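Have a look at the structure below, then the notes.
Any read-out appearing in this document is the output of simple, stated calculations on the displayed coordinates, not a laboratory observation. Keep in mind it's a predicted model, so treat the numbers as computed, not measured. Reconstructed Cβ throughout: ideal geometry from the backbone, glycine too, with neighbour counts over all protein chains shown.
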Amino acid sequence: MVSSLLEFTNQYQIEILVVDDDSQDGTADLVRKLARQDSRIKLIQRVGRSGLASAIKEGLIAAIYPFAIAMDSDGQHEPSSVLAAVQKLHEGAELVIGSRFLVNSEIRGLSNRRTNGSTLANQLARWSLNQNYDQLTDYMSGFMAMDLNRCLHLIRKVDVNGFKFLYELLAISKGKLKATEIPLRFQQRLHGDSKLDYAILWDFVVSLLHTASFHVLPRRAISFGLVGTSGVAVQLIMTSLLMTFGLSFQQAIPLAVVTAASSNYLVNNVLTFRDRRQHGQKLLQGLLKFLLVASLPSLANVGLATGFYTLIQANAVFAQLAGIIVVYIWNYAASSRFVWNTP
């Protein structure tokens, strides 16, 4: 990849920034060796920081030339696409996207499941973004070229916890960028594995809701709320199950609340706060902290639900929802700070 990109030096002054998240596969050592031979090659080795979106953001901010291209290093993006993208920038485009879905594009090495998933994700992305970007076809592309004089202030605002860097950039630009596309010959990955998993899909759903809220609601709050919805289902099912076994509502609700809170903690640990995920003994300690933090609102949950059931309406579902709604904000704010140590 580096050798192919260096062949463009007869047309442009270039630098190649390789952003490496302290990987253990020898990448950093190889780049250092290449950089000693050619000063145009530079390494950004990050320790204690990780993630594709933040790597792209950090690389773009560090770039010294006005035009910058972000691309994968696994061979799926052809270096020849760089020249076509730069030509579009010279013609006045501010953002050029390498699309897998234009007429002249080619996709190799993607399963039907991945292709269909990308198509659905692009349809949802088009619905959520400014209509000025309706003509675009690939909002999930990892290949993008940009005029930093026009884009850098937006790049600095990109939420690196988002689903895809390009999607987040388009969302915060609110349709103001002159964006166009070039066909991409998407190649089969030479090395490494796909990063698409349940957590990535979760991030996409959160990103859609974050955009739909006009970025007013924090991403973590949205994720926490979605997890809380699953906790509601756990609590309702557990209460019903315990009452089926002969417990009264007043006896069942405390056990159901604790079960739902434990479920919320475990799911939030995997999804909402996975960058600070607890493991082993810390997982158990975190659960105890979470239950302690949630104890006061849980008591309020039990008290409100019991009072609603006894004094207002003997409806187990409505009674529990009344308690659940009251405690959401407290649980999010307190657990973020004291369990996962986030502001």
The alpha-carbon center of segment 223-285 and that of segment 49-88 are separated, in whole Å, by 42
Sequence neighbours fewer than 8 away in the same chain don't count; with that in mind, list the aspartates and glutamates whose C-alpha is under 16 Å from residue 174. 94, 134, 159
Give or take rounding to whole Å, what are the principal axis extents of the alpha carbon atoms in segment 4-65, in descending order? 37, 23, 16
Please express the Cα-Cα pair-distance distribution P(r) of segment 237-301 as a list of whole percents, one per 5 Å bin, running from 0 to the bin with the greatest distance. 4, 17, 23, 19, 15, 12, 7, 2, 0
Per-bin percent of Cα-Cα distances, segment 1-147 [5 Å]: 2, 8, 16, 20, 20, 16, 11, 6, 2, 0
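Among 65, 133, what is the fewest-to-most ranking by other Cβ atoms within 10 Å? Numbers along the way, then the final one.
Numbers: 65 10, 133 19.
Ascending Cβ contact count within 10 Å gives the list 65, 133.
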Using a Cα-Cα cut-off of under 19 Å, which lysines could be cross-linked to residue 88, ignoring same-chain neighbours fewer than 8 residues away? 176, 178
Treat the count of other C-beta atoms within 10 Å as a stand-in for reagent exposure and order 229, 27 from fewest to most. 229, 27
With only alpha-carbon pairs counted, each pair once and no self-pairs, how large is the Kirkwood hydrodynamic radius of segment 198-272 in angstroms? 13.5
I need 232, 205 ordered by Cβ neighbour count within 10 Å, fewest first. 205, 232
